[in-house]
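First the structure, in the form of structure tokens, and then the observations on it.
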Amino acid sequence: MDFYATIFSLLPPIIAIALALITKEVYSSLFIGIFVGGLLFTNFNLVGTLEHIFVDGMVGSALSDAYNVGILVFLVILGIMVILMNRAGGSAAFGRWAATHVKTKVGAQLATIALGVLIFIDDYFNCLTVGSVMRPLTDRHGISRTKLAYLIDATAAPVCIIAPISSWAAAVSGFVDGANGLQLFISAIPYNFYAILTIVMMVTLAVGQFEYGPMRLAEMSEHLNENERKYHASITGADPKEEEAVSPRGTVLHLVLPIIVLIGCCIVGMIYSGGFFTAGEEGYLNFIVAFSNSDASVGLMFGSFVALVFTIVFYLITRVLNFRDCMTSIPEGFKSMVPAILILTFAWTLKAMTDSLGAREYVAGIVDAVAHNNALMSLLPALVFLVGCGLSFATGTSWGTFGILIPIVVDVFNSNLGNELMIIAISACMAGAVCGDHCSPISDTTIMASAGAQCEHIGHVSTQLPYALTVAGVSLACYILAGFIRSWYICLPLGIVLMVATLLIIKTFTAKKAA
């Protein structure tokens, strides 16, 4: 039986995701999904299945891809820098400084959101950097690691997808043929309801000081754990969260300066990979064009390596760490990222299985048939949003979803940038892809957010899912409305009001239920 480009092509990720959510164990769930994909591809030939999984998938696709390897290198270097900053006392000093300047739980959450919005260059970079900087502050205010992971995840892809100068803008622009991709991306920003409403939701939850669903239980659990920790510290004089020796000479500068250098070096690395420093036939490229041409994997890898060298030299000169401490931090940083690396490798392998089964072709055929149906044209943005959510959730990749859906939508409208419905549909594609990516346990961004917050991965997924689905429901209503009204001046304000009203209703219902 031929399973290529049929509904069975979506079975492996569905099985993996369902098992992960049911069993709360991600490694075996991902591998079972991978194994099912291999069986379907080889028509249940066991030897062929193993060859397809390890030779074609894990080695031939996931770990031999230059982009993936660059991301793994970046991940390891960030892990090393986190260990260095902790041992140098920078994280502890920042926690003490923040305690005198950010005095409330609301302030800690808003500070995390603000930093996440400011670091809009790349979602991977955002996840790990925001996690490293804000963990001491959120821990001190009793914010659970799963809530921190949500704040990180919700300011990663949703912010990058509405930032014209980002690796995501470059990716989307590259999928548009026959039109100015960057111009189209900018025009679609006001219609990206999921991204904008996600930010509205985070701020509303923080200011309103409430949670719901599994996140509420996680926050209550963290509050109890924090009380136990304080009691333990009061009778022993020790903090059980402090697991390793910390230099007493560390200051806030030993955290802030390496982070600033990291951000600067990664920006330079990305424009370098985009040809900013190389003169072509028409001279040097400007900053925006170079950023659009950048390779995020190469740029982040170069930038993080330079920042790591700077950090080691800086710590040696200021004598907060000796050379031996710096070198022993390297394997420790690698070990701290092993869970994330393993989950990423399995997620990339699972994606290779779905690709080999023709999942893209199957979904593209469905979308193409719907898009050319004139009777459904006004509902096209809502339909594209739903398909984007489903495909991105099943495959764990936003960029792959862009690559499938955007060319179809552009083709339907013959690259006519003047058609407002085309812009809305393109935005719905981007929003749906980010939404599915946000919900999916096999998404690399979701995995990175768990690594950045240093929390259990499935715990992050299960607590984040109700929040993401709430925004998705409001966004769907907005896209139905936008398909008929076709004006963001009306639809966006209505969406924001609807989002806040929905959250206030949930808050009232949750309060009554708890009473």
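Overview of results
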item	result
Pick from region 256-278, criterion touching a helix residue (DSSP H, G or I) at 6+ places or on another chain (Cβ under 8 Å) and farther than 30 Å from A88 by Cα, ranking: modelled with the highest pLDDT	Y272
Evaluation of I442 against (1) closer than 18 Å to V200 by Cα; (2) of a type in the set (V, I, T); (3) part of a loop (DSSP other than H, G, I, E, B) (one fails), failing number	(1)
Scope region 23-33; condition part of a helix (DSSP H, G or I) and surrounded by fewer than 20 Cβ atoms within 10 Å (Cβ to Cβ); matching residues	T23, Y27, S28, F31, I32
Condition check for A451: open to solvent by 10 Å² or more (accessible area, probe 1.4 Å), touching a residue at least 60 places away in the same chain (Cβ under 8 Å), of a type in the set (G, A, S) and on the phi < 0 side of the Ramachandran plot	yes
C455, sole failed condition from (1) part of a helix (DSSP H, G or I); (2) over 27 Å from L39 (Cα atoms)	(1)
Answer residue from region 89-119, given it is touching a Pro at 6+ places or on another chain (Cβ under 6 Å) and touching a residue at least 60 places away in the same chain (Cβ under 8 Å) and is surrounded by the most Cβ atoms within 10 Å (Cβ to Cβ) among those	F94
Odd one out for V363, checked against (1) modelled with pLDDT under 80; (2) surrounded by fewer than 20 Cβ atoms within 10 Å (Cβ to Cβ); (3) part of a helix (DSSP H, G or I); (4) not small (G, A, S)	(2)
Residue, least open to solvent (accessible area, probe 1.4 Å), within region 464-509, restricted to residues that are more than 28 Å from the chain's Cα centre (by Cα) and among the hydroxyl-bearing types (S, T, Y)	S487
Region 1-28, subset in contact (Cβ under 8 Å) with a residue 24 or more places away in the chain and of a type in the set (S, T, N, Q), residue farthest from A359 (Cα to Cα)	T6
Residue in region 320-340 that is within 30 Å of M422 (Cβ to Cβ) and surrounded by fewer than 23 Cβ atoms within 10 Å (Cβ to Cβ) present	no
Helices (runs of 4 or more DSSP H) wholly inside region 34-120 that include at least 2 residues being touching a Ser or Thr at 6+ places or on another chain (Cβ under 8 Å), more than 19 Å from D355 (Cα to Cα) and β-branched (V, I, T)	66-87, 105-118
Some residue of region 412-425 being assigned to a helix (DSSP H, G or I), among the acidic types (D, E) and within 17 Å of I480 (Cα to Cα)	yes
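The values are calculated or read from the model by the stated rules, or taken from the named source; none is laboratory data. As the structure is a computational prediction, the values presented were derived from the model and not from experiment. Every residue, glycine among them, receives a Cβ derived from its backbone with ideal geometry; neighbour counts consider all protein chains shown. These area figures cover heavy atoms from the full protein model, side chains too; ligands, DNA and RNA do not enter into them. Shrake-Rupley method; radii C 1.70, N 1.55, O 1.52, S 1.80 Å.
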